[in-house]
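Accompanying notes for the structure given below.
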Amino acid sequence: MQEPSVENGYQAELVDLLLNSFAQVVGRPLLPDNSTKAVYCADFPVLAHNGAEDPVLTYGNLAAQKLWEMSWEALTVLPSRLTAETAHRAQRDAMFAEMRANGFIENYSGVRISASGRRFEIRNAVIWPLLNETGQKVGEAATFKEYSFLK
């Protein structure tokens, strides 16, 4: 999997949005080095989706691409609901409702599925809204460090 160009203005702008929103909403930095490259190369997944009615992933760092077994191009056109199996989408929807009511969540656990059908459980995920410079929500993001593959 190849890194998209860090010179891509959209990606840099999106990573800035991820980082600024995380710090504003959660109250701490996502990484000690909050650079585009540091986020892309972090050893844990970071994902974001847009604010559409059926949100589409707009960002997935290298760790997310590896975990979901998808290229940048495939991951960033995927409806985010498809990261979970049909049976787990109601739980995912409930988590987003809770996050929207409380501002953010930092203890979410749920089952996800990769492109090849490999299932894994994520634990202690942080889910937060992406807020633009005027405070308007333009998407949502997630990160987690704990996961295990299921049989």
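Here, each number is a calculation from the coordinates, and none is a lab measurement. The structure displayed is predicted, hence computed values, not measured ones. Ideal geometry is used to build each Cβ from the backbone, glycine not excepted, and the neighbour counts take in all protein chains shown.
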>> How charged is the neighbourhood of LEU17? Take every other residue with its Cβ under 15 Å from the Cβ of LEU17, and add Lys/Arg as +1 and Asp/Glu as -1.
In response: -3
> Quick one: if the Förster radius is 30 Å, what FRET efficiency do ARG28 and PHE149 give, using the C-beta to C-beta distance and rounding to 0.05?
Replying inline: 0.55
>> Can you give me the convex hull volume of the Cα atoms of region 9-104, divided per residue and expressed in Å³?
In response: 106 Å³
> Which far-off residues, 5 or more places away or on another chain, put their amide H under 5 Å from the one on THR58, with H placed in the peptide plane?
Replying inline: ALA48, HIS49, ASN50
> How high is the relative contact order of region 1-129, in percent, counting Cα pairs under 8 Å that sit 6 or more residues apart?
Replying inline: 20 percent
> Taking the Cβ-Cβ separation of SER71 and ASN20 as r and a Förster radius of 25 Å, what is the calculated FRET efficiency to the nearest 0.05?
Replying inline: 0.40
> Where Lys and Arg each count +1 and Asp and Glu each count -1, what net charge lies around SER109 among other residues with Cβ under 10 Å from its Cβ?
Replying inline: -1
